[in-house]
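Undergrad: A single structure is presented below for examination.
The values are calculated or read from the model by the stated rules, or taken from the named source; none is laboratory data. Computed from a prediction, not measured in an experiment: that's the story for all the values here. Here the Cβ positions follow ideal geometry from the backbone for every residue, glycine too, while neighbour counts run over all protein chains shown.
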Amino acid sequence: MGALTALALTLSAGFPARAEDPKDILVVVNKSASLTTTLSPEALRNLFLLYRTSFEGGGRAVIINAKNGTPLREDFRRKVLDMSQEEELRYWQERKVRSGQIAPAEFSNPLKAVFKIKGAVGYVYRSQYREGVVDVVLVIPAGGS
């Protein structure tokens, strides 16, 4: 079972409440984002691989990645994209050759970037999150996958 499938099952299986882990990944959006619902793991993956460039409810999505080589980026890549660093690099090289698309921007402080950029969607560890700055649209539990 792929990591994305396992994540979807984990998020939808109705597990009993668990303690909040500082290493949970919170998917966050700028308060201007046009979201009518939370993001599904599949919709999130489609946004970050640029299969989609807008939110399901409308509005352009600006993708914000954590810096490559950071534990946050590695955790997100493994749990959401179901790729290794090498697979992601190859993916973006192929996209650039085939359609001219380049990988989304990387930021050392994704929370600050999401806060400042209209329509931005990114991710942070729970320990980095600041209440009221951005909206949380999905929680990816620490551990597993």
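Undergrad: Which residues, taken from the stretch 25-53, are acidic (Asp, Glu) and modelled with pLDDT of 95 or more? Before the answer, list the steps.
TA: The first filter runs over the stretch 25-53 and keeps only residues acidic (Asp, Glu), leaving 42.
Answer for the stretch 25-53, where residues must be acidic (Asp, Glu) and modelled with pLDDT of 95 or more: there is none.
Undergrad: Being within 19 Å of Glu106 (Cβ to Cβ) and either in contact with a Phe, Trp or Tyr (Cβ under 8 Å, 6 or more places away or on another chain) or not aromatic (Phe, Trp, Tyr) (or both) is the filter here, so list the residues in the stretch 119-141 that pass it.
TA: Gly119, Ala120, Val121, Gly122, Tyr123, Val124, Gln128, Val134, Ile140
Undergrad: Given the structure, is Ser40 surrounded by 14 or more Cβ atoms within 10 Å (Cβ to Cβ) and of a type outside the set (A, V, I, L, M)? Steps first, please.
TA: Details: surrounded by 14 or more Cβ atoms within 10 Å (Cβ to Cβ): yes; of a type outside the set (A, V, I, L, M): yes.
Against the criterion (surrounded by 14 or more Cβ atoms within 10 Å (Cβ to Cβ) and of a type outside the set (A, V, I, L, M)), Ser40 qualifies.
Undergrad: Now a separate question. Name the single residue that is nearest to Phe107 (Cα to Cα) among those in the stretch 45-62 being buried (at least 18 other Cβ atoms within 10 Å of the Cβ) and in contact with a helix residue (DSSP H, G or I) (Cβ under 6 Å, 6 or more places away or on another chain).
TA: Step one: of the stretch 45-62, the residues buried (at least 18 other Cβ atoms within 10 Å of the Cβ) are 45, 47-49, 55, 61-62.
Subsequent filtering for residues that are in contact with a helix residue (DSSP H, G or I) (Cβ under 6 Å, 6 or more places away or on another chain) retains 45, 61.
On the way: Arg45: 18, Ala61: 16 Å.
My answer is Ala61.
Undergrad: When you check Arg95 against the structure, is it within 16 Å of Arg45 (Cα to Cα) and either within 13 Å of the chain's Cα centre (by Cα) or among the polar types (S, T, N, Q) (or both), yes or no? Outline the logic, then answer.
TA: Numbers: within 16 Å of Arg45 (Cα to Cα): yes; either within 13 Å of the chain's Cα centre (by Cα) or among the polar types (S, T, N, Q) (or both): no.
No; evaluated as a whole, the condition is false for this residue.
Undergrad: Taking the stretch 63-91, which residues are of a type outside the set (Val, Ile, Thr), surrounded by fewer than 16 Cβ atoms within 10 Å (Cβ to Cβ) and closer than 21 Å to Ile117 by Cβ?
TA: Across the stretch 63-91, the qualifying residues are Lys67, Asn68.
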